[in-house]
Amino acid sequence: MAMTLDKTEVWSQVLNNLSGKISRMEFCTWFKKVHLKEISGGAVLIGCPSEMNKNWLENKYSTVILSNLQKSLPEINKIFFEVDLSLADKASQAPQVFTENKPRKLPRQPEVRLEAGLESRLIQPKFTLNNFVVGEENRLAHAACTAVAETAINEAKKYNPLYLYGGVGLGKTHLLQATANEIIRRQPESVVIYTTAERFTNEIVKAIREKKTEELRKKYRRADVLLIDDVQFFSGKEQTQVEVFNTFNDLRDLEKQMIFSADRPPAQLRDMMDRLSSRLGWGLIVDIQMPNYETKLAIIQEKAQAQGLILPHDVQEFIATNTRKSLRELENILNKVGAELDLGGLSPTIQSVGKIFRKLNPEEDLISAHDASRGLAKSPDDIITLTSDYFQVPATDLLGNSRKQEIVFPRQVCWWLCKEVLKMSYEAIGEAFGGKNHTTIMHGIKKIKELIRTDSATARHVHALKKDLGVK
Ligand code: ADP
Ligand code: MG
């Protein structure tokens, strides 16, 4: 019976309901070109004009959409979203919803706070300097961006250009967009242009084809702040590099702030005009590294909270342990966890999150937080070598019976590490250390345990050793 309802009708009812609950701006931004494509059994398929639109709906609105759909079609229990690029150029799917019960005038482009047109729409409001979690590995980058945001408009610029570099998924785009957002927040009238090198290149190519390079140049000259993401993409694109070079010089003459990002430092950019790469490095160059375990945990907590997700601690640890090279999948994983919950799933577990990981990355081996805590140390030998190196005592002394304090202490630390990291029994440790009695080992370990609590130098030593062993 429900199937007799027309798709368009169902969708416009959903939109009607939603229009009362969300702002017009949100509506125009996220629902205008969205289309209900299919209803089949208990599932519906929703088409979105872009990847970003799809992610946004998936994250933020899937629950409300579902509950609204259920008003017309109670049997619906699953929504799927897919990108349908053909929707991008179509006229709005649902332009009139708001005219029914809201003021008539719809802002035509609600997100246009900047003149810069398309580029401005690339800046996602969700990236802020506040929700960027700061750790050792990105502290400088964050501080530089904060400083630049403060002086970007009408002030003397200390860091111009600012150049951030680091591997994939370490937060460069987040920082660039957050800086753009902060500048706009402080100076709503300013013209902030964020673009990616790829997009910039496409624009140049198009302008050349249409003989409009002069116009393009004017557009960029109007910027108060120019941010270009992933400039390594300019490699080998000579003509584009010439345009970037000209733009750089124009903006530099006008004392405008510029910020660039890339996957490597300026001097290592390949197939890049020297005069361009050297200019990119004229200001401040800052690198971003993969955050350590604690920072990763904090990022996971931040992202989970932003999505209203409550994750058990062991699941957070599991995700942190297995997010090894890039933070890019983090959001994706949390989205999926959230979606499963929204669709009536159970509270996430290591198993359920492990499944999501495996789907995203079938080749990667997953490590449980427990295995990770056992770290890279495989044998007592590894511990002996490391400790001998660390305290500068011969390995043979660690294995021997000398009662000198400068030997006894490192030896007992070794035992403690064997117990703590390798989970060896007292007997096994005794055996590995030249056949010592298990009570000797037990007492030694007890002593170190006590010292870790009471003596900060010991605590520091074992912490450093554990770190060297690759153990958190
Ligand atoms: P990049 O541009 O360097 O490839 P992104 O900026 O796209 O990386 O970051 C990938 C993901 O990781 C984004 O979701 C971003 O919000 C998140 N991220 C990276 N670093 C941090 C951080 N320090 N705090 C919060 N989120 C972060
Ligand atoms: Mg990026």
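Values for this structure:
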| quantity | calculated |
| --- | --- |
| Failed condition for residue 262, given (1) under 29 Å from residue 156 (Cα atoms); (2) at pLDDT 95 or above; (3) more than 26 Å from the chain's Cα centre (by Cα) | (3) |
| Subset of region 435-472 (residues that are of a type in the set (D, E, K, R) and assigned to a helix (DSSP H, G or I)) | 446, 447, 449, 450, 453, 460, 466, 467, 468 |
| Number of the exception - residue 291 against (1) more than 16 Å from ligand 2 (Cβ to nearest atom); (2) more than 30 Å from residue 70 (Cα to Cα) | (1) |
| Hey, residue 12 among the hydroxyl-bearing types (Ser, Thr, Tyr), in a helix (DSSP H, G or I), farther than 27 Å from residue 334 by Cα and out of contact with any strand residue (DSSP E or B) (no Cβ under 8 Å at 6 or more places or on another chain) or not | yes |
| Pick from region 145-203, criterion among the aromatic types (Phe, Trp, Tyr) and in contact (Cβ under 8 Å) with a residue 60 or more places away in the chain, ranking: farthest from ligand 2 (Cβ to nearest atom) | 159 |
| Qualifying residue in region 303-317 (condition: away from ligand 1 (no atom under 14 Å from the Cβ), among the small types (Gly, Ala, Ser) and not assigned by TED's automatic domain parsing to the domain that holds residue 80) | yes |
| Residue selected from region 64-80 under the condition surrounded by fewer than 20 Cβ atoms within 10 Å (Cβ to Cβ) and without any contact (Cβ under 8 Å) to a residue 40 or more places away in the chain, by the criterion nearest to residue 8 (Cα to Cα) | 70 |
| Residue match in region 192-214 (condition: within 16 Å of ligand 1 (Cβ to nearest atom), surrounded by 19 or more Cβ atoms within 10 Å (Cβ to Cβ) and of a type in the set (A, V, I, L, M)) | yes |
| Residues (of a type outside the set (Val, Ile, Thr) and either surrounded by fewer than 20 Cβ atoms within 10 Å (Cβ to Cβ) or not assigned by TED's automatic domain parsing to the domain that holds residue 185 (or both)) located in region 231-249 | 232, 233, 235, 236, 237, 238, 239, 245, 246, 249 |
| Single condition residue 132 does not satisfy, out of (1) surrounded by fewer than 16 Cβ atoms within 10 Å (Cβ to Cβ); (2) within 23 Å of the chain's Cα centre (by Cα); (3) modelled with pLDDT of 90 or more | (1) |
| Subset of region 135-171 (residues that are in a helix (DSSP H, G or I) and surrounded by fewer than 23 Cβ atoms within 10 Å (Cβ to Cβ)) | 139, 140, 142, 143, 144, 146, 147, 150, 151 |
| Residue in region 65-113 that is nearest to residue 180 (Cα to Cα), counting only those that are of a type in the set (A, V, I, L, M) and at pLDDT below 50 | 112 |
| Residue in region 337-349 that is within 16 Å of ligand 1 (Cβ to nearest atom), under 25 Å from residue 292 (Cβ atoms) and crowded, with 18+ Cβ neighbours inside 10 Å present | yes |
| Qualifying residue in region 126-145 (condition: closer than 21 Å to residue 256 by Cβ and away from ligand 1 (no atom under 16 Å from the Cβ)) | no |
| Residue that is farthest from residue 134 (Cα to Cα), among those in region 172-182 that are more than 7 Å from ligand 1 (Cβ to nearest atom) and surrounded by 24 or more Cβ atoms within 10 Å (Cβ to Cβ) | 180 |
| Qualifying residue in region 413-434 (condition: polar (S, T, N, Q) and in a helix (DSSP H, G or I)) | no |
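The values are calculated or read from the model by the stated rules, or taken from the named source; none is laboratory data. Since this is a predicted model, take the numbers as computed values, not measurements. Here the Cβ is made from the backbone with ideal geometry for all residues, glycine too, and neighbour counts use every protein chain on show.
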